[in-house]
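Below is one structure; the comments refer to it alone.
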Amino acid sequence: MAPVRVSLDYLCTGAVEGLLVGDRRFSSAIRKDARSGEVRLGKLGLEGDEQADPSAHGGLNKAVYALPVQHRVWWHERRAKHGIDSQDSALPEGFVGENIGIRGMDGPLEEASVFVGDELHFANAVLRVTEPRTPCFKFNAVMGYRQASRDMVLSARSGFYLAVAREGHLQAGEVGELRPGPRALSVAGALHARRYKYLR
């Protein structure tokens, strides 16, 4: 496979805050805000980004969470089907907790075409695909309906985690390349293997 051009359409970070789930309050950093200008990228992620539960998010293998930007329209439509009103045509940037929104410039960039071990090369940083996102109850709370996690897994619209192969900085609007790795296991394939607990 030849390298694929990728646009980094937006970049987001977030701080830990309270998240109400039913009548209980939890700590979460799922809500992210868009950043402008260069943002420092270290081994543990983007400067200014926090994680409430390091066992589930963050660390060397989950330093950055990437979402193909076309999924925001699909998720908006899913929420609309559940009666969750919105005046927008897509979810706001960072709404599902993503750090970067990426777009394939030579065709759709999707979980079925991105593989564990592939690398995103930008001018001043390199990131390596490690695994799909597997959502939890906090994702359901943010999306506003109980089956959101199930929808993410069964639709394979999960996005994927990235490790930092070369530290540097990233900036919204820059263009890089997705370069192939071993190409043994796609993100969608890895997610499919974890689907069983979401079928209950």
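All of the numbers you see were taken from the coordinates with simple rules; none came from a lab. Computed from a prediction, not measured in an experiment: that's the story for all the values here. For neighbour counting, all protein chains shown are included, and Cβ atoms are generated from backbone atoms with ideal geometry for every residue, glycine included.
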Exercise. Using modelled amide H (1.01 Å from N, peptide plane; none on Pro or chain starts), what sits under 5 Å from the amide H of V64, excluding residues fewer than 5 places away?
Worked result: L162
For this session: Return the whole-Å distance between the Cα centroid of the stretch 140-200 and the Cα centroid of the stretch 59-128.
Result: 8 Å
Exercise. What ³J(HN,Hα) values, in whole Hz, does the Karplus curve 6.51 cos²θ - 1.76 cosθ + 1.60 give for the stretch 46-61 when θ = phi - 60°, with x put for Gly and Pro?
Worked result: 7, 4, x, 9, 10, 10, 7, 10, x, 6, 10, 9, x, x, 5, 8
Exercise. Taking the stretch 4-198, how many lysine pairs are there with alpha carbons less than 20 Å apart, if each pair must be eight or more places apart or span two chains?
Worked result: 7
Exercise. How much length is gained on full extension from S55 to S27, taking 0.36 nm per residue of separation minus their Cα-Cα distance?
Worked result: 8.7 nm
Exercise. Just the Cα atoms of the chain, one point each, no solvent: what log10 I(q)/I(0) does Debye give at q = 0.07, 0.13, 0.16 Å⁻¹?
Worked result: -0.18, -0.66, -1.03
For this session: Over the chain, calculate the relative contact order: mean separation of alpha carbon pairs under 8 Å at least 6 apart, over the residue count, as a percent.
Result: 31 percent
Problem set entry | Cα long-axis angle, helix 71-81 against the chain (0 to 90 degrees, to the nearest 10) | 10 degrees
Exercise. Going by average Cβ neighbours within 10 Å, how do the peptides 44-54, 174-184 rank, with the highest at the top?
Worked result: 44-54, 174-184
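Once you have a ≥ b ≥ c as the square roots of the Cα gyration tensor eigenvalues for the stretch 13-97, tell me rounded if a/c is under 1.5, and otherwise prolate or oblate according to whether a/b is larger than b/c. Walk me through the intermediate numbers first.
On the way: a/c = 2.14, a/b = 1.36, b/c = 1.57.
Note, shape of the stretch 13-97 comes out oblate.
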Problem set entry | 3J(HN,Hα) from dihedral phi, the stretch 117-130, Karplus parametrisation 6.51/-1.76/1.60, rounded to Hz, x for glycine, proline | x, 4, 10, 9, 9, 10, 4, 10, 6, 9, 10, 10, 5, 10
For this session: Could you run the Karplus curve 6.51 cos²θ - 1.76 cosθ + 1.60 with θ = phi - 60° over the stretch 29-40 and give me ³J(HN,Hα) per residue in whole Hz, x for Gly and Pro?
Result: 10, 5, 7, 10, 10, 5, 10, 10, x, 6, 10, 5
